[in-house]
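A.B. asks: This is the structure, below, for whatever I ask next.
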Amino acid sequence: MKGDVEKVALLPTTLEQEEEVRVDSPTILSPKLFWRWILKRVLVLYGFVALYVLAKRTYFKHELVPRREKPGMWALKAFGPHSRSRVHNAEVNTEELFLSVPSTESAFASSRKWATHPHLAGSSEDFEDAKDILSVFQDAFNIPKPPVAPVFPAGSPLSRAATLGINKLPGPVAWIDKYYPVMNTPVNHSLLVLSEDGETVWEADLEEDGDPADPDASKYRTAVPAWHGLSKDGEAEGELIYANYGRKEDYDAIVAAGGDLTGKIVLARYGAIFRGLKIQLAQEYGAAGVLIYSDTRDDGSVTTNNGFDTYPAGPARNPSSVQRGSVQFISAYPGDPTTPGKPAYPDAERTEGANIPKIPSLPISWSNAQKLLAELGDSLDEARILNGKSSVRKVKLVNHVDDRVIPIWNVMAAIPGHIRDETVLLGCHRDAWVTGAVDPVSGTVSLHELIRGFGALLESGWKPLRTIVIASWDAEEYGLVGSTEWAEDFPEWIQRNVVAYLNLDVSVVGSAWQAAGSPSLAHLIRAAAHDVPHPTAAGKSLWDSREDEGPFLGAGAVDAESLAVYEAAKRARRGPSDTGIGALGSGSDFTPFLQHLGIASMDQGFGGALGDAPYHYHSIYDSERWIELYGDPGFHRHVAVAKHMGLTAIRLIDSIILPLNTTQYAFELGLYLDEVEDVAASLHLDAAPNFSGLRSSIEGLQTATLALADELVAAEKEFKDALAALPEPGKKARCAHQHARPHLPKWLRKILHKIRKHWKHKRGDKGKAAFDRFVRAAKRVQAGNAKLRTFEQGFISEEGIAEREWYRHLVVAPGKFLGYGATTLPAVTEALTIEKNSTLAEIEAKRVSDLLESLSQTIAVSK
């Protein structure tokens, strides 16, 4: 199938197109042509009339952003009265009905259904879960179930038509897209300590103990061996050297202390940065292999040193637990390593993969790590010093894997809205390393509650103003594969239609709610969090739960370095502005939409706090028993996340003016530049970089967004005034033929009545003038929303970021040596922090400046 499926022209895309439609005069047409003209006009005006009908049978609720949320007077002007202006059904309040649906009982049952068996991406269990989620969509949205499940190979005509045909759907649909990425599975592995003559002194048990007190952990102890996804097949032998978190500064400290990493086996602890980057850096420093372990120093207050029993007897970390996970170099690009920038079709041309390791690695437990640390010092404290010393005895690492094409399945559902070419996209991944009660079943459970809520709305007669697409992504754990392949498959459609992407992943792991996202969504995220009750504390809101610190806070000492990492991550999540919403880095499925395509995005969930039980990340102990006992007893947090995501989505879906605050974004850019200038000053470079041009461009964008905010306020007022001047659709007609053609919808009969029976009479009538005024006002709203929808795309550079061109967003990207963490103005910042080059920083600043100046022109308000 070539290109996009042709869309039904429900709304004119340009003023010229609308004028073309209006060229023909009905007074000179034959009856046959006259009816064609009527139908053509009806199609063109359908979207405007949909707004009319929705709005006239509903009421508008206007509410200013709460004072505590305003960063200044400009925010009131930018976010303004249209921030919460959306349609509410007069008979059933949309938000109230939705919020009444998610329940702890349903969440509990769903978790027990999906978190009590392994479902590794590409496995038979994964496919069964995909079909189960498909059935959930079909049941919730009243979608007929075909005799054969709609599973479409990626690139096939049916797969292409499923997404590209969303704009012309008559009703909800659901289907499965099947992609074909290269991934791997473990074959065998081992870890040995060797004597000087090469004999085995000690061999590690690399699998977790599977304590019978946790039935699922015991049952599936060896179902998925402990290994790194996309790790290098091979063996390595060498002296052991300790590298702390495996950050660049840690490796630099080893070298500064006189250490030599060449040919060594690196022992690094999890945390601070993405695991794949620990291996990438070790590889660049000449290491032969990497072992990564979970250190109890990163477990906050809840440790055996502070008197806690280990899980499952108590809340402290089970010492045999192992963190599996992908070691793809996610800062280079996510998705199928062999098809960067292109979808993984069955017949795709493939590369070797430039974002995967060239040295082998293994994840190991704290129990095994203690054995190895004993090779480096007489005590744990002595062994865990970055002194550059290596072990006397050698370590042998064996990691054999099977690299091959493994099919995966994205489950998709679409609910058409009145406005067909504006879509709100929601998603959560489905695959897990083992049973994954937290990651990702907690997110899937919250998404399921949202789906139930949307189903109840549809059952009540609600039709969304905008189209909704919901996705259950596959193979996120291997490197955001499912979402990335879909984004690379349909980039033009996504950029043309999607107004925002709302992501879930880990919905609940601890007590502290946190959210990050595009600055344009910050006020929306925060306002919704104020409107959702705190999951466990009466009289408080979800927003207040950001400060919760867990049930075991203060139980004992916390490691100083781990605390510093925790506090730094907390500050980053909250960002530099007083919205409290930080920037998105990477590590979940928002990445391809935000940083490759420029779609405003958000992510949220309850994270672990210092006083929470340690989470057994990607372990067999990420189990149903753990989530019920420690993660979220009662499942109240699962429900709170579902309510927040649904409320945020509804406000995006049903607001007349999209609640995207571009002025917040423009002013936050100024804060990002402040941070860059602070970094430059701290480096004491020979020549300080000059960022005056970028500062000027930011100020120009701020001015343009303020003007756009004024235009949006005026456009909404004009729309409401024009709407008020129209006759009520429920009024009885004054003409006998008003009720002709009773099989047609009332709004269509009224249009036909106006156009045909009373055309001559109405041409000079106030009714026609009022309707024409309404059309103009609706077009003005449409034009404003188009500027809001595409605003984030203004930060996309076709050239991308140097040396990692897949990342095209020049305002935010995962840090080159962070992976998870966000770096704002990344190319500029890293020209300073990594390259120490003022000239390069100025060149990169000029690239950003050019984008901002172009964006200012794009959103400029016509005089």
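A.B. asks: Nearest-5 percent of antiparallel DSSP beta bridges in region 183-403?
C.D. replies: The antiparallel proportion sits near 60 percent.
A.B. asks: For a protection proxy built on the mean count of beta-carbon atoms within 10 angstrom, sort 825-831, 433-439 highest first, please.
C.D. replies: 433-439, 825-831
A.B. asks: Please quote Rg/Rh for region 562-664 to two decimal places, taking the Kirkwood radius as Rh and restricting both calculations to Cα atoms.
C.D. replies: 1.00
A.B. asks: Moving to a separate point now. Which value, in Å to one decimal place, does the Kirkwood hydrodynamic radius take for region 210-262 when every pair of different Cα atoms is included?
C.D. replies: Answer for region 210-262: a Kirkwood hydrodynamic radius of 14.8 Å.
A.B. asks: Using alpha carbon coordinates only, what is the Rg to Rh ratio of region 459-522, with Rh defined as the Kirkwood radius?
C.D. replies: Ratio of gyration radius to Kirkwood radius: 1.01.
A.B. asks: Determine ³J(HN,Hα), in whole Hz, for all residues of region 224-237 in sequence, where each value follows from phi through the Karplus function 6.51 cos²θ - 1.76 cosθ + 1.60 and θ = phi - 60°; x replaces Gly and Pro.
C.D. replies: With coefficients 6.51, -1.76 and 1.60, one gets 10, x, 6, 7, 9, x, 6, 6, 6, 6, x, 10, 9, 9 Hz.
A.B. asks: Along region 810-824, what does the Karplus equation 6.51 cos²θ - 1.76 cosθ + 1.60 (θ = phi - 60°) give for ³J(HN,Hα), rounded to whole Hz, x for Gly and Pro?
C.D. replies: Residue by residue, region 810-824 yields 8, 9, 8, 7, x, x, 4, 10, 10, x, 6, x, 8, 10, 8 Hz.
A.B. asks: Then there's this: What's the extension gain from GLU675 to ASP132 if we count 0.36 nm per residue and subtract their Cα-Cα distance?
C.D. replies: Working it through step by step, the gained length comes to 190.8 nm.
A.B. asks: For HIS684, put the label point 7 Å out on the Cα→Cβ axis and report which residues of region 814-857 keep their amide N under 20 Å from it.
C.D. replies: 832-839
A.B. asks: List the equivalent ellipsoid semi-axes of region 146-273 in whole Å, largest first, each obtained as the square root of 5λ for an eigenvalue λ of the Cα gyration tensor.
C.D. replies: With the √(5λ) rule applied to region 146-273, the semi-axes are 46, 23, 15 Å.
A.B. asks: On to the next question. Would you mind putting 635-646, 244-255 in packing order, based on average other-beta-carbon counts within 10 Å, highest first?
C.D. replies: So the peptides 635-646, 244-255, ranked by packing, come out 635-646, 244-255.
A.B. asks: Oh, and also: What is the gain in length, in nm to one decimal, between LEU158 and GLU459 on full extension, counting 0.36 nm per residue of separation less the C-alpha to C-alpha distance?
C.D. replies: Answer, rounded to one decimal: 105.5 nm.
A.B. asks: Please list 572-579, 796-803, 618-625 highest first by mean number of surrounding beta-carbon atoms within 10 Å per residue.
C.D. replies: In descending order of packing, they fall as 618-625, 572-579, 796-803.
A.B. asks: When the Karplus curve 6.51 cos²θ - 1.76 cosθ + 1.60 is applied with θ = phi - 60°, which whole-Hz ³J(HN,Hα) does each residue of region 193-204 get, with x for Gly and Pro?
C.D. replies: 9, 10, 6, 4, 9, x, 7, 6, 8, 8, 10, 7
A.B. asks: Taking amide hydrogens as modeled 1.01 Å from N in the peptide plane, which residues meet the under 5 Å criterion relative to SER507, leaving out close sequence neighbours?
C.D. replies: Under 5 Å from the amide H of SER507: SER442, GLY443.
A.B. asks: In nm, to one decimal, how far is the modelled label at ARG404 from the one at ALA223, with both set 7 Å along Cα→Cβ?
C.D. replies: Each label point is offset 7 Å from its Cα along the Cβ direction, giving 2.1 nm.
A.B. asks: How would you classify region 183-403 from its alpha-carbon gyration tensor, with a ≥ b ≥ c the square roots of the eigenvalues: rounded for a/c under 1.5, else prolate if a/b is greater than b/c, otherwise oblate?
C.D. replies: In terms of gyration-tensor shape, oblate.
A.B. asks: Ok, one more. Residue separation times 0.36 nm, minus the C-alpha to C-alpha distance between ALA564 and ASP252: what's the value?
C.D. replies: That works out to 110.4 nm of additional length.
A.B. asks: Moving on to the next point. Quick query: amide H of TYR293 versus all other amide H atoms, modeled in the peptide plane; which residues come in under 5 Å with a sequence gap of 5 or more or a different chain?
C.D. replies: For TYR293, whose amide H was placed from the backbone, the distant partners under 5 Å are ALA268, ARG269, TYR270, ILE364.
A.B. asks: Could you pull out every residue, at least 5 positions away or on a different chain, whose amide H is within less than 5 Å of the one on TRP513? Hs are placed 1.01 Å off N in the peptide plane, and Pro or chain starts have none.
C.D. replies: ARG546, ASP548, GLY607
Every read-out reported here was derived from the displayed coordinates using simple, explicitly stated rules and does not represent laboratory data. Just so it is clear, the structure is predicted and the values come from calculations on it, not from any experiment. Note that we place each Cβ from the backbone using ideal geometry, even for glycine, and neighbour counts take in every protein chain shown.
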